[in-house]
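In what follows, a single structure is set out as structure tokens and then discussed.
The values are calculated or read from the model by the stated rules, or taken from the named source; none is laboratory data. Please read all numbers here as calculations on a predicted model, not as lab measurements. Note that each Cβ is placed from the backbone with ideal geometry, even for glycine, and that neighbours are counted across all protein chains shown.
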Amino acid sequence: MGWFNRSRSKPAAQGKTKSEDMWVVCPSCEAHVFKEEWHKGLKVCPKCNFHDRLTCHERVKLILDTGTWHELGGSVSTTDPLEFVDGKGRYADKAEAAKEKTGLNESVLTGRGKISGRRIVMAVMDFRFLGGSLGSGTGEKILRAATYALKHKLPYIVVSASGGARMHEGIVSLMQMAKTCAGIARLHKARIPYISILTHPTTGGVSASYAMVGDINISEPGALIGFAGRRVIEETIKQKLPDDFQTAEYLLDHGFIDSIVNRSEMKDYLMNVLRYWRAR
């Protein structure tokens, strides 16, 4: 009989919205937040103040004056010096997939713009691109932006979001740590401000290089910031680490960063900091 074979699934009532289209689940406290409220609040949980990741373009829109962004170094892309292959496939294929997914050529977007009318140069990392890893193209773009800031005597701001150096490029990736810091050192020598903004997460070779050498180091609340992972450190030193270890709050208490700034207040904070600097 036909009614024995009737499907158990019920068609969605016309006009009703699927629950996943209405809600966002906070990755930290698992609170359900209306999607509209989530995006209106800049992807910050209203329950626990967790700051979720932003794309590089969302970050540019948040910090810079509307219509002032001009990209620099957009042609710089990934390289595959080792022709790396692992159990999951070719690095070259992974890089191409990341480009298609994000619309970016590398894990960082660099350019110039204005904050409340003041000209600046900015680099913004995007975690969607291979975990925001530091590859040769990433380092090249950060260095070129630093060189542009030096030439035009403009403050340089870098927003970090990274799992660390890109293992697929081996020593070439690790060289970017020194390369980027050299560019920033030239800014320091010329007394041009370099402001580092650390977001969740900032780890590995990025935290061990340009992310922590700012004239001012700022973090968003609750960001994971560190070099090696908790488990690796605990197994090495044979000690239990504090529960808040490698959080922005822990680093602020121990003098590694200068301030923790909520996302909604970041542009005003940067504007006030930049008011203290006058180009020679």
Item to check | Enumeration of residues in the stretch 168-183 that are in a helix (DSSP H, G or I) and either over 18 Å from the mean Cα position of the chain (by Cα) or touching a residue at least 60 places away in the same chain (Cβ under 8 Å) (or both) | outcome: H168, E169, I171, V172, L174, M175, A178, K179, A182, G183
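Answer yes or no: is there a residue in the stretch 1-21 that is at pLDDT 80 or above, more than 23 Å from G131 (Cβ to Cβ) and of a type in the set (A, V, I, L, M, F, W, C). Can you show your working first?
Taking the stretch 1-21 first, the residues at pLDDT 80 or above are 21.
Next, only the ones that are more than 23 Å from G131 (Cβ to Cβ) stay: 21.
Now drop any that are not of a type in the set (A, V, I, L, M, F, W, C), which leaves none.
Checked against the condition, which is being at pLDDT 80 or above, more than 23 Å from G131 (Cβ to Cβ) and of a type in the set (A, V, I, L, M, F, W, C), the stretch 1-21 yields no hits at all.
Does the stretch 97-105 contain at least one residue that is crowded, with 17+ Cβ neighbours inside 10 Å and within 15 Å of the chain's Cα centre (by Cα)?
yes
For every residue, the table says whether it meets (1) at positive phi; (2) under 18 Å from the mean Cα position of the chain (by Cα); (3) in contact (Cβ under 8 Å) with a residue 12 or more places away in the chain.
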{"site": "C48", "(1), (2), (3)": "no, no, yes"}
{"site": "H70", "(1), (2), (3)": "no, no, yes"}
{"site": "S75", "(1), (2), (3)": "no, no, yes"}
{"site": "L143", "(1), (2), (3)": "no, yes, yes"}
{"site": "K151", "(1), (2), (3)": "no, no, no"}
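Would you mind listing the helices (runs of 4 or more DSSP H) fully within the stretch 18-65 where at least 2 residues are among the β-branched types (V, I, T) and surrounded by 13 or more Cβ atoms within 10 Å (Cβ to Cβ)?
Details: elements: 19-22, 35-40, 56-63.
In the stretch 18-65, the matching helices (runs of 4 or more DSSP H) lie at 56-63.
Here is a check on your reading of the model: is L109 in contact with a helix residue (DSSP H, G or I) (Cβ under 6 Å, 6 or more places away or on another chain), closer than 30 Å to R278 by Cβ and buried (at least 21 other Cβ atoms within 10 Å of the Cβ)?
Values: in contact with a helix residue (DSSP H, G or I) (Cβ under 6 Å, 6 or more places away or on another chain): yes; closer than 30 Å to R278 by Cβ: yes; buried (at least 21 other Cβ atoms within 10 Å of the Cβ): yes.
So L109 passes the test.
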Checklist entry - Does L104 satisfy being outside any strand (DSSP E or B), in contact with a Lys or Arg (Cβ under 7 Å, 6 or more places away or on another chain) and either assigned by TED's automatic domain parsing to the domain that holds K267 or touching a residue at least 40 places away in the same chain (Cβ under 8 Å) (or both)? => result no
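Only one of these is crowded, with 24+ Cβ neighbours inside 10 Å and either in the same structural domain as V76 (by TED's automatic domain parsing) or modelled with pLDDT of 95 or more (or both): A185, A92, A146. Name it.
Numbers: A185 fails: crowded, with 24+ Cβ neighbours inside 10 Å; A92 fails: crowded, with 24+ Cβ neighbours inside 10 Å.
The unique qualifying residue is A146.
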Next on the checklist: Condition first: over 24 Å from R112 (Cα atoms), in a helix (DSSP H, G or I) and in contact with a helix residue (DSSP H, G or I) (Cβ under 8 Å, 6 or more places away or on another chain). Can you find one or more residues in the stretch 73-80 that meet it?
Outcome noted: no
